[in-house]
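Comments concern the structure below.
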Amino acid sequence: MTGLAHFAVRRLALGLLQTAAVVVLVFVLTEALPGDAAVALAGDQPDPARVEAIRQAMRLDEPAAQRFADWVLGLLRGDLGTSLVSGRPVSSYLAGGLGPTLLLAGITLALLVPLSLVLGVAAAGREGGPLDRAISTVTVGLYAVPEFALGILLITVVALRGGLLPPTAVGAGGDLLAQPAVLVLPVAVLLARPVCSLSRLVRAGMVEALASDYVRHARRQGLGEARVRYAHALPNALAPAVQQLARTTDWLLCGVIVVEALFVIPGLGTLLVEAVAARDVPVVQGLAVVFGLVTVVVNLAADLVVHRLAPRGEVVA
């Protein structure tokens with residue numbers, strides 16, 4: 001078994017353990033929610049008969065261990081449960097909210113990676129110069145602006161006062177691609193902070209790599225500057241950036257609640273907030289497990305990529 005295959009097996013085993021821990025934690029935390037979920041779902045003036053019916057539907061009259069075992073067996077079969085509010089399968093919520101979230105994440109990542117590489121490499125190539133200082137100043141300042149503040153600013157200036165773009169996705173009718181203009185502002189907000197952090201990591205890695213012994217050796221061998229930078233220095237500089245990109249991808253898929261709420265985009269984050277507000281426990285559990293699984297998978301992929309990249313101290317042929 002090769003080194004990469006051995007590492008992948010060990011990392012996969014750890015990922016399975018992490019997934020199991022997520023499943024247990026989700027169930028325990030939803031069980032620990034304050035108050036009686038059946039009473040909350042029954043309304044402001046709950047009828048005892050309705051409360052009892054809801055308790056039976058939620059199987060709250062059964063031992064927690066039995067409910068947990070049945071829930072896990074359902075997860076293994078791909079059954080995430082059924083909404084207590086609408087009666088729809090939780091998987092249908094995922095199908096409805098996954099499209100907008102994936103679209104936002106995909107567009108953001110497609111812009112984020114090349115922008116971060118260009119800015120980071122350009123700043124590192126002019127270390128200490130005007131371009132480096134300008135990029136560093138802008139990225140540090142922009143990173144300090146919270147997403148909700150930047151979103152409100154863009155909505156006010158660009159959409160409401162300027163009339164250049166739609167302020168929200170309300171008029172898109174659920175099909176964001178039908179009106180691509182509604183995606184511009186939310187993608188800009190999602191892109192702002194990650195491009196700052198990722199480009200700074202690329203810059204720091206490139207500065208360190210360009211000053212290393214293996215790069216100096218490559219130059220002494222008469223290799224062209226472009227090959228030295230992009231074939232030898234850049235792969236060795238990317239490990240921290242890849243880890244940050246994994247965290248950003250995880251955030252885009254599982255944590256863009258503020259941006260989705262601000263621009264009225266019906267993604268997974270919005271669905272989770274609505275389910276928590278309605279005390280729709282099966283939906284909360286199903287979405288939380290999916291989010292946890294996405295986190296494990298994304299970080300597993302990032303670890304494999306980092307392991308595959310050339311180790312520091314070696315020149316990549």
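Tell me, please, whether a residue that is within 22 Å of residue 267 (Cβ to Cβ) and modelled with pLDDT of 90 or more can be found in segment 113-122.
Let us first name the residues in segment 113-122 that are within 22 Å of residue 267 (Cβ to Cβ), namely 113.
Of the ones still in play, those that are also modelled with pLDDT of 90 or more are 113.
Yes, some residue in segment 113-122 is within 22 Å of residue 267 (Cβ to Cβ) and modelled with pLDDT of 90 or more.
Which one is modelled with the highest pLDDT among residues in segment 25-55 that are part of a helix (DSSP H, G or I) and exposed (fewer than 12 other Cβ atoms within 10 Å of the Cβ)?
Once the filter is applied, the top-ranked residue is 28.
Of the conditions (1) surrounded by fewer than 19 Cβ atoms within 10 Å (Cβ to Cβ); (2) more than 23 Å from the chain's Cα centre (by Cα); (3) not small (Gly, Ala, Ser), residue 113 fails just one. Which one is it?
The number of the failed condition is (2).
Would you mention how many residues in segment 139-179 are without any contact (Cβ under 8 Å) to a residue 12 or more places away in the chain, part of a helix (DSSP H, G or I) and within 18 Å of residue 192 (Cβ to Cβ)?
5
Condition first: surrounded by 14 or more Cβ atoms within 10 Å (Cβ to Cβ), of a type in the set (A, V, I, L, M) and either modelled with pLDDT of 90 or more or more than 17 Å from residue 236 (Cα to Cα) (or both). Now tell me which residues in segment 124-137 satisfy that.
131, 135
Looking at segment 68-83, which of its residues are free of Cβ contacts under 8 Å to residues at least 40 places away in the same chain and in a helix (DSSP H, G or I)?
Kept after step one, since they are free of Cβ contacts under 8 Å to residues at least 40 places away in the same chain, are these residues of segment 68-83: 69-70, 73-74, 76-79.
Passing the criteria: 69, 70, 73, 74, 76.
What residue, of 136, 86, is polar (S, T, N, Q) and outside any helix (DSSP H, G or I)?
The unique qualifying residue is 86.
Output the residues belonging to segment 58-85 that are among the small types (Gly, Ala, Ser) and closer than 11 Å to residue 282 by Cα.
Matches in segment 58-85: 81, 83.
Just to be sure I understand, how many residues within segment 268-289 are outside any helix (DSSP H, G or I) and surrounded by fewer than 23 Cβ atoms within 10 Å (Cβ to Cβ)? Walk me through how you get there before you give the answer.
Residues of segment 268-289 that are outside any helix (DSSP H, G or I), as a first pass: 278-280.
The next check asks that each one be surrounded by fewer than 23 Cβ atoms within 10 Å (Cβ to Cβ); those that pass are 278-279.
Residues that pass the stated criteria total 2.
Among the residues of segment 231-254, is there at least one that is crowded, with 19+ Cβ neighbours inside 10 Å, in a helix (DSSP H, G or I), among the β-branched types (Val, Ile, Thr) and under 12 Å from the mean Cα position of the chain (by Cα)?
yes
The values are calculated or read from the model by the stated rules, or taken from the named source; none is laboratory data. Since this is a predicted model, take the numbers as computed values, not measurements. Here the Cβ is made from the backbone with ideal geometry for all residues, glycine too, and neighbour counts use every protein chain on show.
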